[in-house]
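The values are calculated or read from the model by the stated rules, or taken from the named source; none is laboratory data. Nothing here was measured: the structure is a model prediction, and the numbers come from that model. Cβ: placed from backbone, ideal geometry, glycine included. Neighbour counts: every protein chain shown.
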Amino acid sequence: MQPHESPANPGKFGPYRQSERKALYTPYAEQLVEQGHAYYAFDTPEELERMRQNFKTEANPSPTYDGTTRLQMRNSLTLTPQETETLLANGTPRVVRIKMPHNQNIEFADMIRGSISFNSSMVDDKVLLKADGMPTYHLAVVVDDYLMEITHAFRGEEWLSSAPVHVLLWQYLGWQQHMPQWAHLPLILGPDGAKLSKRHGNKYGFPIFAMNWTDPSKSELTEGFKERGFLPEAFINLLALMGWNDGTGQEIFSKAAMAAAFDMSRVHSAGAQFDYEKAKWYNQEWIKRLADTDLAERLKRFDEGRFGHINQELLGKVVGLVKERCHLLTDFWNQASFFFQPPETFDTNAIAPKWTSEKTAFFQALLKDWGAAEQWEPSEIEQRFKNLANTHLLKPGELMLPLRIMLVGGKFGPGVFDVATMVGQPETLRRIEHVLQLLFTANASTEMV
RNA sequence: GGCUCGUUGGUCAAUCGGUUAAGACGCCUCCCUUUCACGGAGGAAUGACGGGUUCGACUCCCGUACGGGCUACCA
């Protein structure tokens, strides 16, 4: 997506980094305190932990800092104004918490879910401003959205339960008429039905993040979709189709087509499980759709070491030959390396059991016949191959697989004569000769035993 | 536990009260292909449960069950 404004493309709503906006938030937090909608809390982490332990019961396993407990804590509500002043003046660590009203119905509209309501007594006194002076998400999202004139706030469903805090803040700050429209998007779920997380990626072996990500605390690398070989087009496409569709059954959308077809009213409210198989299918569809030259360029960028030095035109042709059997960009090397270098291994087991001396004779003759060919193109060499098979009283069919193994190394890849043409006459002959030798030595050793 | 959101095949999903309940992924069979794929033709597989409302419910309402999210000085 192209943001209207960003640190890289500044406009009138900057700065954009929360650290650079730090000073902005404090006045609003103080304003809320003055209005009685928030208060200073001086509780230490230990005191908070003690509170959670003390109030913990079977019926209420996780007590919160709220209307039922705030009067028993150390804050500007329980302290005298003088005590509060002193603590503040001394620079005692403190946070600003919102004072959730008692038994008030907080209702708001969600573009996807319709009307949603919460009872304020059920919501805790969230921290607005942390001890280090930085705002929490709850304060920041409201202040930023107001200052940046945001009209629509789309976020994941996991934010739904803190939405009442945000709605109240819009009211308390007096900006109610500027509040954005809310849309809580369905969650992307893992194969087990729980909110998709890094855990799922490790467990099932698929990427979770768009790009490589290194956990700064553990310096542990998590491979991204990009590095795994997904195209941006496919990634955006598959993501958008989780929880939305245009109703026609169309599944492949370019970004522009998606923007034109998108309609909030068609967004689901239920979470969608991520299916890696389907994700790969989307990528394959996009690979098939992209122009060969475009794909060739992307491949060069994707795997500089392997494709970087290959002639652009040659790579384009090869890509056209193999792309429909590739799901990921990483598949291309496996599917096409034999065009650029001799196979490292040859699946001789696929042909050795049925090998005969007649076949040896045929391929030796083929070496001469193809060696003499002046036209090196698919139809020409195929005709020569078949004619030669006939004179050797062999069926072309039993010779095709051996030839394939000789040229590509295994039972896969485009038509053999296309491969031979692309690889070139000298290299083709070299590979035939090489595998003939392999077979010969294998047979010889067998006979020795 | 509380609050809250959700529930059509294994997965993504169409249906906006009346259909033989689409389509896609995956799986299986066959065709094409002298490999693998692509492509084509078929197949198996779905409305959580119980009540209402209605001439008629997958569709509207209620309850139950099940699942998710949140329950931090993280987002």
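Residue count for the range A:147-163 satisfying the condition of being more than 8 Å from RNA strand B (Cβ to nearest atom) and assigned to a strand (DSSP E or B): 4. Going through (1) crowded, with 18+ Cβ neighbours inside 10 Å; (2) more than 14 Å from RNA strand B (Cβ to nearest atom); (3) more than 25 Å from A:T136 (Cβ to Cβ) one by one, A:G205 falls short only on (1).
The single condition among (1) modelled with pLDDT under 95; (2) more than 12 Å from RNA strand B (Cβ to nearest atom) that A:S269 does not satisfy is (2). Summed over the range A:372-382, residues that are assigned to a helix (DSSP H, G or I) and surrounded by 12 or more Cβ atoms within 10 Å (Cβ to Cβ) total 4.
Of all the residues in the range A:43-71, those that are exposed (fewer than 12 other Cβ atoms within 10 Å of the Cβ) and either more than 42 Å from the chain's Cα centre (by Cα) or outside the structural domain of A:D125 (by TED's automatic domain parsing) (or both) number 2.
Comparison of A:F363, A:F339, A:F385 shows that the only residue that is surrounded by 15 or more Cβ atoms within 10 Å (Cβ to Cβ), among the aromatic types (F, W, Y), in a helix (DSSP H, G or I) and without any contact (Cβ under 8 Å) to a residue 40 or more places away in the chain is A:F385.
Residue-wise test of (1) surrounded by fewer than 15 Cβ atoms within 10 Å (Cβ to Cβ); (2) modelled with pLDDT of 95 or more; (3) not aliphatic (A, V, I, L, M).
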| site | (1), (2), (3) |
| --- | --- |
| A:T348 | no, no, yes |
| A:I351 | no, no, no |
| A:S357 | yes, no, yes |
| A:D369 | no, yes, yes |
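Those helices (runs of 4 or more DSSP H) of the range A:11-94 in which 1 or more residues are closer than 30 Å to A:M148 by Cβ occupy A:18-34.
Remark: pairs (first residue in the range A:294-317, under 21 Å from A:P232 (Cβ atoms) and among the basic types (K, R); second residue assigned to a helix (DSSP H, G or I) and at pLDDT 95 or above; Cβ separation under 7 Å; 6+ apart in sequence or on different chains) = A:K300/A:F307; A:R306/A:W333.
The conditions of being over 18 Å from A:N237 (Cβ atoms) and among the charged types (D, E, K, R) are not met by A:R289. Looking across the range A:154-192, just one residue is of a type in the set (G, A, S) and touching a helix residue (DSSP H, G or I) at 6+ places or on another chain (Cβ under 6 Å), and that is A:G190. Pairing residues of the range A:29-49 that are free of Cβ contacts under 8 Å to residues at least 60 places away in the same chain with residues that are part of a helix (DSSP H, G or I), at Cβ distances under 7 Å and at least 6 apart in sequence or on separate chains, gives A:Y40/A:V33; A:Y40/A:T84; A:Y40/A:L88; A:F42/A:L87.
Close Cβ contacts (under 8 Å, 6 or more residues apart or on different chains) running from residues in the range A:129-152 that are at positive phi to residues that are outside any loop (DSSP other than H, G, I, E, B) comprise A:G133/A:K22; A:G133/A:T26; A:E149/A:H178.
Please verify whether A:K126 is more than 10 Å from RNA strand B (Cβ to nearest atom) and under 17 Å from A:G36 (Cα atoms), treating the condition exactly as stated. Spelling it out, it is not the case that A:K126 is more than 10 Å from RNA strand B (Cβ to nearest atom) and under 17 Å from A:G36 (Cα atoms).
Quick check on the range A:9-17. Is at least one of its residues within 11 Å of RNA strand B (Cβ to nearest atom) and either surrounded by 10 or more Cβ atoms within 10 Å (Cβ to Cβ) or under 17 Å from A:K130 (Cβ atoms) (or both)? Within the range A:9-17 (the criterion being within 11 Å of RNA strand B (Cβ to nearest atom) and either surrounded by 10 or more Cβ atoms within 10 Å (Cβ to Cβ) or under 17 Å from A:K130 (Cβ atoms) (or both)), the answer is no, since none of the residues qualifies. With respect to (1) hydrophobic (A, V, I, L, M, F, W, C); (2) within 30 Å of A:R21 (Cα to Cα); (3) in contact with a Gly (Cβ under 8 Å, 6 or more places away or on another chain), the lone exception for A:L189 is condition (2).
For A:T330, the conditions (1) modelled with pLDDT under 95; (2) within 26 Å of the chain's Cα centre (by Cα) all hold with the exception of (1).
Would you check if A:M134 is near RNA strand B (Cβ under 7 Å from one of its atoms), under 20 Å from A:R21 (Cβ atoms) and in the same structural domain as A:T26 (by TED's automatic domain parsing)? Here the answer is yes, as A:M134 does meet what is asked. Screening A:E227 with (1) modelled with pLDDT of 95 or more; (2) surrounded by fewer than 15 Cβ atoms within 10 Å (Cβ to Cβ) gives one miss only, at (2). Exactly one residue out of A:L185, A:L196, A:L189 is touching a residue at least 40 places away in the same chain (Cβ under 8 Å) and more than 10 Å from RNA strand B (Cβ to nearest atom): that is A:L185.
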